[in-house]
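Each remark here refers to the structure printed beneath this line.
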Amino acid sequence: MENQATATASSDTKSASQLPQLHEPRNAGMELDMDWVAAAQANTSAIERRAKTLPGRRSVKKEYQAAWLLKAITMIDLTTLSGDDTWGRVRRLCAKAAHPVRQDILDALDMPPITTGAVCVYHDMVETAVKALDGTGIPVAAVSTGFPAGLSPLPLRLQEIRESVHAGAKEIDIVISRRHALTGNWQAIYDEMRAMRESCGDAHVKAILATGELGTLRNVAKASLVCMMAGADFIKTSTGKEPVNATLPVSLVMIRAIRAYHARTGFRVGYKPAGGISKAKDALTYLALIKDELGDRWLQPDLFRFGASSLLGDIERQLEHQVTGRYSADYRHAIG
C-alpha cells in the first residue's frame, strides 16, 4: 500500500489544492424501493470483527504518512457548531481553512498550498463565512433543518434550507427525523428527504443519520438506502451532538450501502463521518477503509469529508514531527 499511497496521496493532494474539486453527476435519486429497504441486513458480530481489524491492517509511516495526512486535510469540513460562536471565531476558522498548515511545514515537505474541503457553520454564520472565504474557492456548508434534533415543523426546516442557500451556502447538512426510522416509517423519511433536496436547489445536500440514535446497525443500513434513494449527495454519520458519533462499524455499514447503491444506479454518493474523529491516526484508518471498500475515486473531497473541529490540529502536530522530529505544543497550531 505504501508506494501506491505516496503516489496517489501526493498527486491527489496537489490536484485538490485549488477548488473547485472533481465533480460527479449528482445523485438523481429513485422511487422508494421498499423491497430493497426491507431486505437490508447488518450482521453485527461480523461487522464488529471486521472493524476491530482495521487499525492494524493498514499502516503508513514517515513520508508516506505525511502524504496521506496532507490528503486528509483537503477532505476536512472544518467546523464550529457551538452555542457561543461569534463572527470573529468564524472568520478565524475561515482563515485557518484557507491556510490549514504553516508555510514552513509545507516548504519542508515540498508541498504547494492546500485548503480544507469546506467550512461548516450554523445558518446564521453563513454570510460571515462566505465573505471571509471570498476568492479561496472553499465552499461553505450550513447545518440546517433544526440542527441537531431536527424536530421543528417541516415547513420551517425547508425555509431554513432556502435561506442558507440564499446566504451563499453551497452545501447543506440536514438531519433526518430519527423517530421515523425508529418506528419504521421509511416513506416519511423518503418524502422529507426529497423535499429537502428540492429546497437545496443547486446546493449539495448531506443527510445526517444521527446513527447513535438509530438503535441498530440494520436501521443505519435502511436509513442510508432511503436517503440515497431520495437524492442525498452525501450520507453523514452524526451531528456530533449524540452520545455516540462516528464509529468504524457504523461507517462500514454506510459505506457498503453506498457501494450497493452505486452498483445498482451508477451514482456515486459521498460519505462523511463526523463527531469524535480528533486524532491523525483515526483519519488514516478511515482513509484506509474508504480505499479498501470503495476505491480511490472516493478519496477526493467531492466524495469524502471528515466533519471535524480538532482533527486538523493533531494532523499539523504529526506533520511538524515529520519535519523536525519533535512534537510541538498545541498552541503552535491554533485556529486563527
Exercise for review: Determine if region 65-78 includes at least one residue that is surrounded by 14 or more Cβ atoms within 10 Å (Cβ to Cβ), among the polar types (S, T, N, Q), closer than 23 Å to residue 139 by Cβ and touching a strand residue (DSSP E or B) at 6+ places or on another chain (Cβ under 7 Å).
Suggested key: no
**Study point:** Criterion (buried (at least 18 other Cβ atoms within 10 Å of the Cβ), of a type outside the set (D, E, K, R), farther than 30 Å from residue 320 by Cα and modelled with pLDDT of 95 or more) met by exactly one of 140, 119, 165
**Key:** 165
Review point. Among the residues of region 73-87, is there at least one that is assigned to a helix (DSSP H, G or I) and small (Gly, Ala, Ser)?
Key: no
**Study point:** The listed residue being under 22 Å from residue 24 (Cα atoms), assigned to a helix (DSSP H, G or I) and within 13 Å of the chain's Cα centre (by Cα), out of 287, 225
**Key:** 287
Check your understanding: When you go through 268, 259 one by one, which is the residue that is surrounded by fewer than 24 Cβ atoms within 10 Å (Cβ to Cβ), charged (D, E, K, R) and part of a helix (DSSP H, G or I)?
Key -> 259
Review point. Is at least one residue of region 316-324 among the charged types (D, E, K, R), crowded, with 20+ Cβ neighbours inside 10 Å, in a loop (DSSP other than H, G, I, E, B) and in contact (Cβ under 8 Å) with a residue 24 or more places away in the chain?
Key: no
Study note, to complete from the structure: Of the residues in region 241-250, those that are touching a strand residue (DSSP E or B) at 6+ places or on another chain (Cβ under 9 Å) and buried (at least 24 other Cβ atoms within 10 Å of the Cβ) number 1
**Study point:** Set 294, 311, 303: member being touching a strand residue (DSSP E or B) at 6+ places or on another chain (Cβ under 7 Å) and over 25 Å from residue 105 (Cα atoms)
**Key:** 303
Revision key, fill the gap. Here the qualifying pairs (Cβ atoms under 6 Å; residues six or more apart or on different chains; first in region 238-250 and farther than 15 Å from residue 305 by Cα; second assigned to a helix (DSSP H, G or I) and of a type in the set (S, T, N, Q)) come out as 250/211
Study note, to complete from the structure: Scanning region 143-160 for residues that are in contact (Cβ under 8 Å) with a residue 40 or more places away in the chain and aliphatic (A, V, I, L, M), the one surrounded by the most Cβ atoms within 10 Å (Cβ to Cβ) turns out to be 143
Review point. Can residue 279 be described as of a type in the set (Lys, Arg) and either buried (at least 20 other Cβ atoms within 10 Å of the Cβ) or without any contact (Cβ under 8 Å) to a residue 40 or more places away in the chain (or both)?
Key: yes
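The values are calculated or read from the model by the stated rules, or taken from the named source; none is laboratory data. Since this is a predicted model, take the numbers as computed values, not measurements. Glycine gets a Cβ as well: all are built from the backbone with ideal geometry, and neighbour counts include every protein chain shown.
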